[in-house]
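The values are calculated or read from the model by the stated rules, or taken from the named source; none is laboratory data. It should be emphasised that the depicted structure is a prediction, and the values quoted were computed from it without experimental measurement. Using ideal geometry, Cβ is built from the backbone for each residue, glycine included, and neighbour counts are taken over all protein chains shown. These accessible areas exclude ligands, DNA and RNA; they are computed on the full protein's heavy atoms, side chains included. Shrake-Rupley method; radii C 1.70, N 1.55, O 1.52, S 1.80 Å.
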Amino acid sequence: MTEPSMTSPARPTVGAPGAQLLEGALTVLGDEPTSRVAHLLSLPQELPLALFSAMARLRAFDERAVILQRQGVIGTYPTYFGEEAVQAAGVLALSNEDWLFPTYRQTAAVTLRGCPPEVPLLMWRGHPGGWHDVMRYRVAPICVPIATNYPHAVGAAWGAKLKGEKVVALAFGGDGSTSAGEFHEACNLAAVVGAPVIFLVTNNQWAISTPISKQTRVTRLADKAAAYGMPGIRVDSFDVFACFEAVREAADRARAGLGPTLIEAVGYRLGPHGTADEPSMYRDQAQAGLWAAMEPLGRTEAALIEAGLADQQQLEQIRKSAAAALFDVADRLAATPLPPIEEIADSVHLRTPWSLSPERLHEPKWISNG
Amino acid sequence: MQLNMVEAIGRALGQILEDDPSSVLMGEDIGVNGGVFRATVGLQQRFGDDRVVDTPLAEAGFVGAAIGMCLVGLHPIVEIQFDAFVYPALQQLFDHAGRFRWRTQGAYGLPMVIRLPYGGGTKAPELHSDSPETIFSHMPGLRVVIPSDPRSAGELLLAAAGCGDPVIFMEPKRMYRRGRYEVPEALLAGDLDKAVVVRDGSDLSLIAYGAMVEVAEGAADVLAQEGASVRVVDLRSIYPLDRDELLSAASETGRVVVVQEAPRHCGVAAEIAAMIQEEAADSMLAPTLRVTGMDMPFPLFQSEDEMLPSIPRVVATARAALNY
Ligand SMILES: Cc1ncc(C[n+]2csc(CCOP(=O)(O)OP(=O)(O)O)c2C)c(N)n1
Ligand SMILES: [Mg+2]
């Protein structure tokens, strides 16, 4: 084991604005080297590498998706570069019985529950095969309208509680979503009914071009929790071990009947909003550059090596095989036939109404025959 | 000058801000970023961030606030980022905006415009391709306007801003960058309630709006080669309908096909067909037919061409009417 050092890449400096934002946020990687190492060694043996592998898979997916977008294989795509720690922790800190409610930013989260990566990629390819099996994975369909997934998570958690099941629900969201009415309604409802739900909000400081300062006058989103009578936790979004602790604790509370938790994962959006976005139009990219060293995979690698839990070669191998698993994904996408529209129409209702029957989907025969 | 639709909208907004000191633009990402479609590029720089406001992500909140702004004499123009994201604001629009003049017994209106990029054909993700004009035109008290080209976009936007009542101004985003066309340097407000005959004809009328006008014109070209003289009417006003122009088209050509990309059920086309049935039945040589989207969520984009009325579908339907 190498001598732990305070200035390890596990704990990079992010410059003044970043350091200030992260102040007081739950951290493992930012701790004293000895406690950092001790923490990693205290975890179940498989866990640190499992978290790293999950992040590596998420990263490989994201990088491949960006390439596929450039190649025209998929359409516009919301990259999550830098947000792998929050997602990996959010999934791995819960059991497979627990429900997840992702947004467009966490399309690959379902792959950590065993869903093949081509499924979420098909979504961005505009193919109905992109809708994953919701019940099988206990992952709701990805949610595009901001904040509308929060009440769903509340209902799932509350419903499970009413049924006497020990199931927890976790909803992902962003800083921008905390301005929307449904965020407020969901938080309030969850607290009132004591729903075992976790609101995992990634504060990446940006909602497309809108900075958090134009979104809210509260500098710490977690403070909003007080208004609903629930705990609000701040955590370093680039620190997978801290995120894991935050979610695990919230889940423990939820299962113990203590109701909802708001977790603010503090960080910075390292990439563009999506492939169609050009951040240099609206933000100082130098500031984003200051945060680049926080990139979670590199930090985790440094910490794993420092704690003697893995060596560089082993970690590289994990990254490589994650990437390799996606090398031929474009072929698999191309080989997935598009169902005819009649089949898609037949998927809207349980009992398909006549208006969606193959004969009447378009103009009736006497008309379409001219 | 030669402008595409999104540039013409930007120009009209600049002119409104210039001419009307009470006008205010608000919406998500419209300031520094100039809007995700770039309709408001440069306007915050020109007019300041009190008049071109980046709002928090809260459609119900800022559409509701637009109503309050009207009470103190401002003229808000609100940009909704994409079609389906107006839905959180429906309560404000339906429960309040559309009822305000009525609640003041006709005395006061709300001079506000909701700009709503809408419609399919851009290979966008889910909920970025809806055509919700029907729900707005069904709820009382709102005007619904849809331009089809750069010039009508600029002129109708000016008219909407000056009309004194709330206007849902829907912008067919697939037409945003569909070529540059001549637009007058100084735009004049267009006629808000008027449909326009974009091509005259005597055998059949194709009624369309938004991106479907281009499709109707393409179909008219094909039908012309077959010897049919086809009139194309650009509806422009979804509520109210231009009854005179529609009834002239019906009675003068005797055959009508209406094209809409929105789902079929209870759509604008159904309303037009009912109007013709009620008021021009005697002149009709064929039933009024529709080419529409399907009664289902807008499909993920690989199948979007199935949803969107196409030239062949319009041609086939027109032939059915012609051969009836
Ligand atoms: C109700 C609604 N309004 C607007 C949009 C358009 N939109 C998509 S993402 C986004 C910004 C969201 O920011 P944030 O919540 O911080 O999440 P992030 O994208 O940073 O993950 C906006 C405005 C939307 N999807 N839904
Ligand atoms: Mg954000």
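When you scan region A:258-269, do you find a residue that is more than 16 Å from ligand 1 (Cβ to nearest atom) and open to solvent by 20 Å² or more (accessible area, probe 1.4 Å), even just one?
For region A:258-269, residues more than 16 Å from ligand 1 (Cβ to nearest atom) and open to solvent by 20 Å² or more (accessible area, probe 1.4 Å): present.
Does B:F94 satisfy the condition of being within 14 Å of another protein chain (Cβ to nearest Cβ), among the aromatic types (F, W, Y), open to solvent by 10 Å² or more (accessible area, probe 1.4 Å) and part of a helix (DSSP H, G or I)? Steps first, please.
On the way: within 14 Å of another protein chain (Cβ to nearest Cβ): no; among the aromatic types (F, W, Y): yes; open to solvent by 10 Å² or more (accessible area, probe 1.4 Å): yes; part of a helix (DSSP H, G or I): yes.
No; evaluated as a whole, the condition is false for this residue.
Consider region A:107-153 and keep the residues that are more than 15 Å from ligand 1 (Cβ to nearest atom) and among the aromatic types (F, W, Y). The one that is least open to solvent (accessible area, probe 1.4 Å) is A:Y137. Taking the condition of being within 14 Å of chain B (Cβ to nearest Cβ), open to solvent by less than 50 Å² (accessible area, probe 1.4 Å) and more than 19 Å from the chain's Cα centre (by Cα), how many residues in region A:270-309 meet it? Qualifying residue count, region A:270-309: 4.
Within region B:83-104, does at least one residue satisfy the condition of being acidic (D, E) and more than 22 Å from B:L158 (Cα to Cα)?
In the first step, residues of region B:83-104 are kept if they are acidic (D, E); the result is B:83, B:95.
Next, only the ones that are more than 22 Å from B:L158 (Cα to Cα) stay: B:95.
Yes, some residue in region B:83-104 is acidic (D, E) and more than 22 Å from B:L158 (Cα to Cα).
Of the residues making up region A:347-366, those that are closer than 21 Å to B:G267 by Cα and either in the same structural domain as A:L122 (by TED's automatic domain parsing) or under 35 Å from the mean Cα position of the chain (by Cα) (or both) are A:V348, A:H349, A:T352.
Can you find, within region A:77-93, the residue that is nearest to ligand 1 (Cβ to nearest atom) among those that are among the hydrophobic types (A, V, I, L, M, F, W, C) and surrounded by 23 or more Cβ atoms within 10 Å (Cβ to Cβ)? Checking each candidate, the answer is A:V86. What residue, among those in region A:194-235 that are at positive phi and more than 15 Å from ligand 1 (Cβ to nearest atom), is least open to solvent (accessible area, probe 1.4 Å)? The extreme case among them is A:G194.
Of everything in region A:310-334, what is among the hydrophobic types (A, V, I, L, M, F, W, C) and open to solvent by less than 80 Å² (accessible area, probe 1.4 Å)? Give them in sequence order. Before you say what the answer is, go through the steps one by one.
Looking only at region A:310-334, we keep the residues that are among the hydrophobic types (A, V, I, L, M, F, W, C), and these are A:310, A:315, A:318, A:322-327, A:329-330, A:333-334.
Residues satisfying the conditions are A:A310, A:L315, A:I318, A:A322, A:A323, A:A324, A:A325, A:L326, A:V329, A:A330, A:L333, A:A334.
Condition first: in a helix (DSSP H, G or I), β-branched (V, I, T), free of Cβ contacts under 8 Å to residues at least 24 places away in the same chain and within 16 Å of ligand 2 (Cβ to nearest atom). Now tell me which residues in region A:162-221 satisfy that.
Step one: list which residues in region A:162-221 are in a helix (DSSP H, G or I), which gives A:162, A:175-179, A:181-193, A:212-214, A:221.
Add one more test, that the residue is β-branched (V, I, T), and what stays is A:178, A:192-193, A:212.
Next cut, free of Cβ contacts under 8 Å to residues at least 24 places away in the same chain only: A:192.
Across region A:162-221, there are no qualifying residues.
Quick check on B:Q105: is it within 14 Å of chain A (Cβ to nearest Cβ), more than 26 Å from A:G126 (Cα to Cα) and at pLDDT 95 or above? For B:Q105, the condition - within 14 Å of chain A (Cβ to nearest Cβ), more than 26 Å from A:G126 (Cα to Cα) and at pLDDT 95 or above - is not met. So which residues in region B:110-148 are among the hydrophobic types (A, V, I, L, M, F, W, C), surrounded by 21 or more Cβ atoms within 10 Å (Cβ to Cβ) and either touching a strand residue (DSSP E or B) at 6+ places or on another chain (Cβ under 6 Å) or under 17 Å from A:P145 (Cβ atoms) (or both)? B:M112, B:V113, B:I114, B:L116, B:A124, B:F136, B:L142, B:V144, B:V145, B:I146 - these are the residues of region B:110-148 that are among the hydrophobic types (A, V, I, L, M, F, W, C), surrounded by 21 or more Cβ atoms within 10 Å (Cβ to Cβ) and either touching a strand residue (DSSP E or B) at 6+ places or on another chain (Cβ under 6 Å) or under 17 Å from A:P145 (Cβ atoms) (or both).
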